[in-house]
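Contents: one structure, followed by commentary.
None of the figures in this text is laboratory data; all of them are computed from the coordinates on show. Keep in mind that what you see is a predicted model, and the values were worked out from it rather than measured. As a convention, Cβ positions derive from the backbone with ideal geometry for all residues, glycine included, and neighbour counts pool all protein chains shown.
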């Protein structure tokens with residue numbers, strides 16, 4: 001599906017599939033052919049089952065926009081908890097998460113996918129020792145992923161766009177960019193997503209279509225994720241800002257809340273069509 005010059009896709013985890021065949025059926029039912037694929041379950045499979053699942057995906061002819069790696073022991077119950085448990089900063093979880101990310105990169109390359117997205121965790125304030133640790137760890141990952149020809153994309157949300165931009169510029173890695181999620185900016189209380197597009201413009205390589213309503217205490221309590229077009233992102237200024245930023249990549253719909261996620265993905269498609 002192509003809308004307003006953008007390929008439209010969906011995140012695999014938004015459809016909560018039971019297996020690859022179920023995922024393919026769900027994507028086709030939406031009239032889509034582009035997909036961002038979560039790799040966690042595939043990496044946990046034995047080799048034979050993984051090959052069988054990948055063959056189903058290959059034979060379906062779906063276009064993979066990127067892959068995604070998350071970590072099972074991340075705790076999103078509160079912003080404070082994900083600050084402690086998310087991404088690559090905690091010393092106790094860094095070795096295994098580094099290993100999982102490298103495995104995800106190799107699997108991505110095997111599938112012919114050049115973009116791998118993840119939440120790296122909250123970037124510490126510049127100047128402190130933990131900022132240096134985060135720089136060093138993400139630098140390690142970009143070097144390792146470069147061996148596979150894979151670019152690491154950091155998902156927006158945890159920090160303000162200006163802080164993320166400074167972090168990206170300090171790293172200065174060719175295979176490092178941004179997976180821009182406008183709703184995350186609102187959910188985390190990290191600033192206006194439309195302004196953030198302008199700040200991060202040259203680094204945006206992949207985009208989520210997602211919406212949210214801010215919390216009464218932004219940055220302390222979670223905002224509420226809602227169907228795209230019913231929250232505070234603003235579909236028209238969102239697309240306009242992406243075009244002004246020179247972004248021509250896919251728009252991938254993500255829905256992580258609610259009990260009618262496929263229906264909400266359809267709502268997002270209709271919202272994009274109606275602009």
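Worth pointing out:
- With semi-axes defined as the square roots of five times the eigenvalues of the C-alpha gyration tensor, the equivalent ellipsoid of segment 2-274 measures 26, 24, 18 Å, largest first.
- The order of the peptides 173-183, 260-270, 47-57 by mean Cβ neighbours within 10 Å, most packed first, is 173-183, 260-270, 47-57.
- Taking the centroid of alpha carbons for each part, segment 1-67 and segment 198-258 are 22 Å apart.
- Highest to lowest packing among 98-104, 129-135, scored as the average C-beta count within 10 Å: 98-104, 129-135
- When the inverse distances between all different Cα atoms of segment 10-87 are averaged and flipped, the Kirkwood radius reads 13.7 angstrom.
- Spin-label model, residue 111/residue 4: points 7 Å from Cα along the beta carbon direction are separated by 2.7 nm.
- A crude spin-label estimate for the pair residue 84 and residue 19, with each label 7 Å from Cα along the Cβ direction, gives 3.9 nm.
- Here residue 257 and residue 143 are evaluated by their C-beta separation; at R0 = 35 Å the FRET efficiency comes out at 0.45.
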